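The values are calculated or read from the model by the stated rules, or taken from the named source; none is laboratory data. Keep in mind that this is a model prediction, so the values were computed, not measured. Here the Cβ is made from the backbone with ideal geometry for all residues, glycine too, and neighbour counts use every protein chain on show. The area values use the complete protein model at the heavy-atom level, side chains included, leaving out ligands, DNA and RNA. Shrake-Rupley method; radii C 1.70, N 1.55, O 1.52, S 1.80 Å.
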Amino acid sequence: MVRVARAPYFFAMIVRDELSLRRVWPQVWKRLAFLLAFDLAVAISYSLFDLEWIGQPIPLAMVGAALSLFLAFRNNSAYDRWWEARTLWGALVNTSRTLARQALTLVDDPKGNTTTGAQCHVALVELQIAYVHALRCHLRKQNPFPELQTLLPREVVEKLRVEKNVPAALLLSMGKVLKKLFQAGRLDSIRLTQLDSTLVDLCNVQGGCERIKNTPLPRQYEVFPRMLVAMYCVMLPIGLVGTLGLITPIASTLVSFIFILLETIGRDLEAPFENAVHDTPLTSLSNTIELNLRQHLGEQELPTEVRAVHGFVY
Amino acid sequence: MRPLELLFPIDFTELDFRAIPFVAQLVDALHAHLTLMHVHGDGDDAALAAERLTSFFAEADRYPNSERILARGALVDRVVRQCATAPVDLLLLPASEGVWLPRPGHSSLRLQLLEATRLPVWTMGPNANVTRLHLPTKNVACWIDLKAKSHPQLPFAIEYAESLGAQLHLLSALPELTIPVLYDEKIPLHPETAADLLRAEAQQGLTRSAKVAVAEADTRKSRHRLVQQCNADVIFVPQAERPLFDWFGARPSWFHETACPVVMVPKEPRQRSWSLSKRPNEAAALLRAS
């Protein structure tokens, strides 16, 4: 038995070049099994029991082409959401680094011998680390406090417990730190404006993520593709059995698999913050931010590397 | 109050990932100590397994009380050995993806671990409402079988509800009328009598009285309706019986289909309850002694 030590962080991969079928299979097998049974029934009835009225000339190519267009349109919309989520988190990585750099380079040292608030600029970077983790938990609907307990002082965490929107409360705390630095004369109004505009960028990233999270794809995009794919898959053996006979179940199930897979991919992508293996790799990205910021602070103990598990990085 | 000791044996399934919000919530609410354990096969690459283990639920490294354990060998043996050498209160075992096809002779891993460790097992079926897992527990349900002679799940449910300040709901259903049931004077045959009996069972250890609901017929549908009506966040159930039908793996237990997670308590648990109010050393000694 090995107690696993925390490994040094190098770089995280988003996805590996492998996709195990066992991740897809649980979502599609029930429908495929039903369709295979139906296809078999149609093929056997037509070929062995001479029920020729079962085979009907259905314009499968035309219907299939129309359905493909519809699915492609819906999958594009879903992919746009997924990609926007990833872009927003990319922006969060950059903005966090900018904020840390500004806090560590633009804030003057305390004047005279006073030590009060000497570490305010460091606290700002630590609040930013906490903010990133809190935003991840907020989007994934996960309790952030076990993590925040080790990142922030106990009394700050207790105050945050009453907040409905913990990352927004942390942004406010950062704003208050800036105010304190300005009042202490360690920031002039130009640098204050610069730092505040970085906080505005963070707020915009959070707003974008919340928009994706709280506004699902219109329900028509959920219901109709599923219904139309089901109808098409049922029509397939009826249209094919006249030409393919007993081979119909193989061809029909294969084509059905493609359409069902397309429909499933769209559903997976449309919700990028759902705490599933298919969503945006928030844990990895927030660890990247923490690593960068802690290195800016000159710390030696760095977070654990987040690597892909079975081809997925979480 | 001592922390609840959680052991989460992981195999990186999708439901393992989906259970994370519940684990985070439990760690926060009960200051639980979390151990993530991965057991890999003899032929597997240990370095790769270690890498996967450190990457799973990476945020747990920031939790005040958490550790990761990598072991090689048979899963059940290693988990049993871990439970024997370290204090463990609750095993976290989300269900695997069901194939819904008959699996003759298949024995559920959760049931094997339940019997081997005699510890309560937290589990979550594929129908669990994962969007509610992060919410604080407000309603704890406990299923009572009126025909059973003892209810080992009840003390755990009471303690869990009390620790979290949640409302306890006792749920049951009148048994089917058979000759042994009719001749057993202890089995109530009226909903009111059954409700009184359940209230009496749960009197000890509760600061606020339990709510009781008894269905008139013991069917899957009525059980699910009761769970739904009390808005349960978690339900405590006794160890599942395995009738012949289940041996063929044709149908999962009723609680496997509920929308809330389930804590399954063995027939003869190692301890009558978790004793969370006791001091850590005292409670650990009790657990080791048992």
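The table for this structure:
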read-out: Among residues of segment B:195-220, those that are under 29 Å from B:Val23 (Cα atoms) and either open to solvent by 50 Å² or more (accessible area, probe 1.4 Å) or among the hydroxyl-bearing types (Ser, Thr, Tyr) (or both), counted; value: 7
read-out: Filter result for the condition that a residue is more than 29 Å from B:Leu26 (Cα to Cα) and touching a residue at least 24 places away in the same chain (Cβ under 8 Å), over A:Leu139, A:Leu135, A:Leu104; value: A:Leu104
read-out: The lone exception for B:Arg72 - which of (1) open to solvent by 50 Å² or more (accessible area, probe 1.4 Å); (2) out of contact with any His (no Cβ under 8 Å at 6 or more places or on another chain); (3) over 30 Å from A:Arg31 (Cα atoms); (4) within 13 Å of another protein chain (Cβ to nearest Cβ) it fails; value: (2)
read-out: Enumeration of residues in segment A:146-169 that are at the interface with chain B (Cβ under 10 Å from one of its Cβ atoms) and open to solvent by 20 Å² or more (accessible area, probe 1.4 Å); value: A:Gln149, A:Thr150, A:Leu151, A:Arg161
read-out: Any hit, segment A:196-208, residues being touching a residue at least 60 places away in the same chain (Cβ under 8 Å) and touching an Asp or Glu at 6+ places or on another chain (Cβ under 9 Å); value: yes
read-out: Sole residue being more than 8 Å from chain A (Cβ to nearest Cβ), farther than 22 Å from B:His134 by Cα and assigned to a helix (DSSP H, G or I), chosen from B:Leu26, B:Leu111, B:Leu53, B:Leu15; value: B:Leu111
read-out: Pick from segment B:75-91, criterion not hydrophobic (A, V, I, L, M, F, W, C) and not in a helix (DSSP H, G or I), ranking: most open to solvent (accessible area, probe 1.4 Å); value: B:Pro87
read-out: Helices (runs of 4 or more DSSP H) within segment A:200-314 that include 1 or more residues within 14 Å of another protein chain (Cβ to nearest Cβ) and of a type in the set (A, V, I, L, M, F, W, C); value: A:282-296
read-out: Unmet criterion (only one of (1) in contact (Cβ under 8 Å) with a residue 40 or more places away in the chain; (2) more than 10 Å from chain A (Cβ to nearest Cβ); (3) under 22 Å from B:Ser275 (Cβ atoms)) for B:His33; value: (1)
read-out: Hey, A:Phe73 open to solvent by 100 Å² or more (accessible area, probe 1.4 Å), modelled with pLDDT of 85 or more and away from chain B (no Cβ under 14 Å) or not; value: yes
read-out: Residue check, B:Ile69 β-branched (Val, Ile, Thr) and within 20 Å of the chain's Cα centre (by Cα); value: no
read-out: Where A:Leu181 falls short, out of the listed (1) assigned to a loop (DSSP other than H, G, I, E, B); (2) more than 10 Å from every other protein chain (Cβ to nearest Cβ); value: (1)
read-out: Identity of the residue in segment A:88-118, crowded, with 16+ Cβ neighbours inside 10 Å and not in a helix (DSSP H, G or I), that ends up modelled with the lowest pLDDT; value: A:Pro110
read-out: Considering residues of segment B:114-148 that are at pLDDT 80 or above, of a type in the set (D, E, K, R) and part of a loop (DSSP other than H, G, I, E, B) only, the residue least open to solvent (accessible area, probe 1.4 Å); value: B:Asp145
read-out: Of the criteria (1) within 22 Å of A:Pro146 (Cβ to Cβ); (2) in contact with a strand residue (DSSP E or B) (Cβ under 8 Å, 6 or more places away or on another chain), which one B:Arg78 fails; value: (1)
